[in-house]
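All of the numbers you see were taken from the coordinates with simple rules; none came from a lab. Because the structure is predicted, anything quoted here is derived from the model rather than measured. With ideal geometry, Cβ positions are generated from the backbone for all residues, glycine too; neighbour counts draw on all protein chains shown.
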Amino acid sequence: MKTKAAILWERNTPWSVEEIDLDPPKTGEVLVKLAASGMCHSDEHLVTGDLAGATGEPPCIGGHEGAGVVLEVGPGVYSVEPGDHVVFGFIPACGRCPSCAAGHSNLCDLGAASATGYQIFDGTSRHHAQGQDLRLAIGLLGTFAHHTVVNEASCIKIDKEIPLDRACLLGCGVVTGWGSAVYAAQVEPGETVAVVGAGGIGANAIQGARLAGARVIAAIDPVEFKREKAMEFGATHTYESINDAMGDLATSTWNRGFDKVIMTMGVGNGEALGQAFWLGGKRCKIVVTNIHPVAEQTISIPAAFLTFFEKQLIGSLFGSANPRLDIPKLLELYTQGQLDLDGLVTKTYSLDEINDGYADMYAGKNIRGVLVYD
Ligand SMILES: NC(=O)c1ccc[n+]([C@@H]2O[C@H](COP(=O)([O-])OP(=O)(O)OC[C@H]3O[C@@H](n4cnc5c(N)ncnc54)[C@H](O)[C@@H]3O)[C@@H](O)[C@H]2O)c1
Ligand SMILES: [Zn+2]
Ligand SMILES: [Zn+2]
């Protein structure tokens, strides 16, 4: 079939929205008509090259935060059928590999195919344009498109009552941020939490910390609009920089340092991570959710703090969550009014406006920009 997608032909060029050819789903695959896709910062790492080599290379279709309706399933698909509403997990979850069996399906072995950008089972492409095969970047989804073909392992069936332009956010930002606080940082009632970077991921780390019962939630972000929104999501304190937050540790943490520090800046950098070691207190957990450029191979941290104060450094992918468990669970928290999804969507765009959406992200105007399709 013919459909429309945003393609990255070369690094550091705009997304090109054009018609593509999409093959029918093969064994284990699902054709989905997308309703909406969030514009996560990670897709921009693809444009800049910060994620070079870690995910599908250009030419590729971007987008990994999508939701839609199943149109057709290939042979052997048993968990979804035409008409089902689905959110995509940006890490496929097979349910059978050792990571899935251990309850860490965010690290499912099928995720290895993400580096190739091609379909999981046969390593070929269903997406083509201008006579070339297109890869699917970040999670093998291609949600910057009106239709896509993905593996069944990426599809999480959801309640049809939930609006898809909100549900899409569960494909990455909400679960990643919430899980960074609840699962990776293991925030407990009464703790103090610092969230460094209050964008799409950070806003949800703040919500996770709030739901976990933190008594202090400090949102650190240079952009005033992000700090204002952070208060709506549950922050109790805001600061323009890590240094400013350091200067206020006496009041915010009774001079103990934060129990948990969650790094959710647009682009991770070693200097900020080094500072996080001063922001955290004894036995703090420092969670690295933001992505450092693949090229950054050396960073400087006060490593003695790991020993003397038992400070802990923890990485977190997809909020260390299990998509099949956590996506429906968090959507239920939304339905109950405990989790704010509406406030995350600052502005919606058509697929043709995708470059405007990312310009607004860089300008600090959006918590999340969301592409909404007809
Ligand atoms: N680990 C994962 O599974 C995972 C999943 C999704 C996204 N990410 C990564 O998380 C990061 C955040 O993504 P996002 O979509 O929320 O981006 P975003 O652009 O929406 O938000 C980033 C925020 O960081 C702020 N910021 C920039 N420099 C800062 C600084 N020096 N100190 C404090 N704040 C600063 C920006 O003002 C912005 O509000 C990105 O690196 C993204 O690739 C990781
Ligand atoms: Zn993302
Ligand atoms: Zn698995």
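Seen from all directions on average, segment 176-325 presents a Cα convex hull projection of 8.4 nm². Computing FRET efficiency as 1/(1 + (r/R0)^6) for Ile299 and Ala54, where r is the C-beta to C-beta distance and R0 is 22 Å, gives about 0.80. Once Rg and the Kirkwood radius are both taken over the C-alpha atoms of segment 38-115, their ratio Rg/Rh works out to 1.01.
Dividing the summed helix terms, -39500 (n - 2.57) for each DSSP H run of n ≥ 4, by the number of residues in the chain produces a 222 nm estimate of -6500 deg cm²/dmol to the nearest 500. Within the chain, antiparallel bridges make up roughly 55 percent of the DSSP beta bridges whose residues both belong there. The radius of gyration of the Cα set in the chain, together with its Dmax, comes out at 19.9, 63 angstrom.
Rounded to the nearest Hz, the phi-derived 3J(HN,Hα) couplings of segment 13-28 under the Karplus curve 6.51 cos²θ - 1.76 cosθ + 1.60 (θ = phi - 60°) are 10, x, 5, 9, 8, 8, 6, 10, 9, 10, 6, x, x, 9, 3, x, where x marks glycine and proline. A compact globular protein would have a Cα radius of gyration near 2.2 N^0.38 Å; the ratio found for segment 19-75 is 1.33.
Once the C-beta distance of Asp352 and Ala250 is scaled by a Förster radius of 35 Å, the resulting FRET efficiency is 0.10 to the nearest 0.05.
A Förster radius of 35 Å combined with the Cβ-Cβ distance from Arg96 to Lys33 puts the calculated FRET efficiency at roughly 0.80. In summary, the aspartates and glutamates within cross-link reach of Lys160, defined as a Cα separation below 19 angstrom excluding same-chain residues under 8 places away, comprise Glu65, Glu72, Glu81, Asp84, Glu152, Asp326, Glu332, Asp340, Asp342, Asp374.
Remark: the chain carries a charge dipole of roughly 1000 debye about the Cα centre, counting +1 on each Lys and Arg Cβ and -1 on each Asp and Glu Cβ.
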